[in-house]
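Below is one structure, written out as structure tokens; the observations come after it.
The values are calculated or read from the model by the stated rules, or taken from the named source; none is laboratory data. No experiment lies behind these values; they were computed from the predicted model shown. Don't worry about glycine lacking a Cβ; one is built from the backbone with ideal geometry, like all the others, and counts go over all protein chains shown.
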Amino acid sequence: MKRIGVVGYSQNSIKSDAGAANEVELIMPVVHEVLAETNLTQSNIDFTCSGSCDYLQGAAFAFVEGLNAIQTYPPIKESHVEMDAAWALYESYLRILSGDAEIALIYGFGKSSPGNLDQIMSLQLDPYYVAPLWPDRVNLAGLQAQSMMQAGMLTREDMHAAVCASAHNAKNNPSAFKIDPPSLEEYLGSAMISSPLTKYDCAPISDGASAIIIASEDACKKYNLDPIWIEKIGHQVDSSNLGFRDLTLVKPVSDLMNKLDIDLNTIDIIETQAQFSHEVVLMSQIFKRTIQDINLSGGPLAGNVMMAAGLDTIGHTYKFLKSHQHSVALAHAVSGPCLQHNLLACLRSPA
Amino acid sequence: MNNSSEKDYFESLISLEYTHTAGSATTRFLEAVAEGKIVGQKCPKCSAVYVPPRGSCPRDGVPTSEEVTLTDRGCVESFTVVHIPIPGNPIEPPFVSAMIRLDGANISFLHLIQEIPVEEIRIGMRVEAVWKPQEEWTTSLENIKWFKPTGEPDIKPESLIFKPK
């Protein structure tokens with residue numbers, strides 16, 4: 001099968017409130033950086049795909065405005081997913097695989113600061129039975145954490161360990177928030193937002209953008225690009241009906257690991273888009289790692305740009321494989337409530 | 001069974017509140033409009049002038065940092081006659097919504113045309129802004145009530161075609 005690799009990644013410094021800067025002003029720097037890193041220009045890109053959510057901006061077709069950030073003349077081939085940009089990368093991957101393109105630019109962007117993210121995320125739920133009740137994303141995450149506690153899979157000490165591990169690992173990522181983790185006493189004494197979740201357990205409100213370029217093996221040779229191969233990639237979604245799901249399992253991930261034949265023993269590093277401390281614990285159990293060994297970038301608890309954080313798991317694993325003595329990495333992007341929709345990508349160094 | 005006159009459902013409004021950000025470039029534009037001035041931005045590569053500016057040139061994908069002050073005169077690039085009343089809109093149909101291309105700008109924006117019979121409005125017609133009284137000015141393009149004809153000769157529509165430098 002045709003080999004396709006990640007050849008560049010850029011993430012801008014995550015802000016809790018980017019203020020007057022609009023989405024275009026956030027996207028432009030990362031697109032310029034990733035083009036500069038790869039020595040490519042927009043004319044070398046034959047497919048461009050973005051991931052964003054109009055509900056974050058509160059305007060219909062807001063994603064079209066995002067295109068003001070990139071060179072669109074002569075006319076370009078372009079697409080968008082109303083999802084995390086990890087799925088824009090998946091679409092681009094399929095385009096290259098099908099011979100439709102050789103080099104693709106993917107960007108994801110989101111500002112969570114202008115609206116009420118908890119309420120906005122509520123509107124992604126089943127519109128007939130669940131959304132009218134307005135359960136917010138922290139309520140639903142709380143349900144999942146409670147299910148894990150009842151199953152004996154989670155303690156508040158584990159959650160605290162996840163918070164501390166993220167703050168510690170975030171030092172590896174210059175774009176992440178610098179977080180001073182609470183002591184265990186402070187943590188246990190802090191107010192619950194939605195039991196058992198405190199403010200420390202939830203990914204912070206974040207504004208930002210990220211961009212990635214992927215290319216076919218032929219294009220890598222032609223343009224002298226230095227790829228980290230996307231060896232395996234796939235995605236799977238669980239039921240939209242929360243009552244049909246066992247929230248202590250992330251069934252799509254187990255299914256995907258079987259389907260893609262991913263052997264956890266061969267994986268050196270793992271980045272997962274766990275947006276709550278209990279999700280970090282859950283994913284570390286599924287991936288058979290210690291809490292400290294996953295999310296060397298700090299993960300979403302140290303900065304969670306909506307619609308880019310999934311793409312960032314792929315970007316961070318790419319960066320780690322480039323700069324460290326690792327050869328195989330697993331990136332895990334999510335969408336939907338309680339880890340409903342999951343994308344796994346296995347990346348490998350050519351060496 | 002329910003009494004048929006009783007509702008067996010309830011209505012709930014979906015409403016979300018946002019603090020909208022115009023962006024740095026558009027913020028500059030809106031601040032200038034509050035003082036009765038129109039500022040655009042010029043692309044450093046192709047020299048296209050954008051008004052209202054969005055901070056980037058979508059043709060070249062680069063930031064537009066050079067500010068350009070424009071006049072409040074221009075021409076009709078395109079227009080449509082609106083026959084359907086819009087609730088809350090004080091203007092009686094039929095009225096004209098037009099894409100106004102200011103002199104020196106390379107894109108147009110939507111505004112109203114008044115003070116001329118609808119059937120006389122045409123592409124290329126020269127127009128100028130009619131401003132509200134200064135004490136009513138805010139950070140909004142609504143500071144301009146509408147555009148009206150200047151009476152100058154029409155321009156040739158072909159002259160509006162952009163030629164990058």
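Below is a table of values for the structure above.
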item	result
Only one of A:D263, A:D268, A:D255 that is touching a residue at least 24 places away in the same chain (Cβ under 8 Å) and among the acidic types (D, E)	A:D268
Among residues of the range A:88-115, those that are part of a helix (DSSP H, G or I) and touching a Gly at 6+ places or on another chain (Cβ under 6 Å), counted	1
Where a residue in the range A:113-126 is without any contact (Cβ under 8 Å) to a residue 12 or more places away in the chain and its partner, wherever it lies, is among the aromatic types (F, W, Y), with Cβ under 9 Å and at least six apart	A:N116/B:Y18
When residues of the range B:48-66 are limited to those that are of a type in the set (A, V, I, L, M, F, W, C) and assigned to a loop (DSSP other than H, G, I, E, B), the one farthest from the other protein chains (Cβ to nearest Cβ)	B:V51
Single residue of A:S297, A:S277 found to be hydroxyl-bearing (S, T, Y), touching a strand residue (DSSP E or B) at 6+ places or on another chain (Cβ under 7 Å) and touching a residue at least 12 places away in the same chain (Cβ under 8 Å)	A:S297
Any hit, the range B:133-142, residues being outside any loop (DSSP other than H, G, I, E, B) and at pLDDT below 95	yes
Members of the range A:8-45 found to be more than 10 Å from chain B (Cβ to nearest Cβ) and over 19 Å from B:G61 (Cβ atoms), listed by number	A:S13, A:I14, A:K15, A:S16
Cross-chain or 6+ apart pairs with Cβ under 9 Å, the range B:7-27 first and at the interface with chain A (Cβ under 7 Å from one of its Cβ atoms), then among the acidic types (D, E) and surrounded by 10 or more Cβ atoms within 10 Å (Cβ to Cβ)	B:T21/A:E23; B:G23/A:E23; B:G23/A:E25; B:S24/A:E25
Pairs, first more than 7 Å from chain B (Cβ to nearest Cβ) in the range A:62-73, second aromatic (F, W, Y), C-beta under 8 Å, six or more apart	A:G66/A:Y107; A:G66/A:F109
Matching option when the condition is of a type outside the set (S, T, Y), crowded, with 22+ Cβ neighbours inside 10 Å and more than 12 Å from chain B (Cβ to nearest Cβ), among A:Q144, A:Q150	A:Q144
Residues located in the range B:30-43, provided they are over 28 Å from B:E136 (Cα atoms) and more than 13 Å from chain A (Cβ to nearest Cβ)	B:K42
Candidate set: the range A:148-161, residues that are assigned to a helix (DSSP H, G or I) and within 24 Å of the chain's Cα centre (by Cα); chosen: the one farthest from A:L188 (Cα to Cα)	A:M148
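Yes/no per residue for (1) buried (at least 16 other Cβ atoms within 10 Å of the Cβ); (2) of a type outside the set (V, I, T):
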| site | (1), (2) |
| --- | --- |
| B:A22 | yes, yes |
| B:T26 | yes, no |
| B:A48 | yes, yes |
| B:R59 | yes, yes |
| B:V76 | yes, no |
| B:P87 | no, yes |
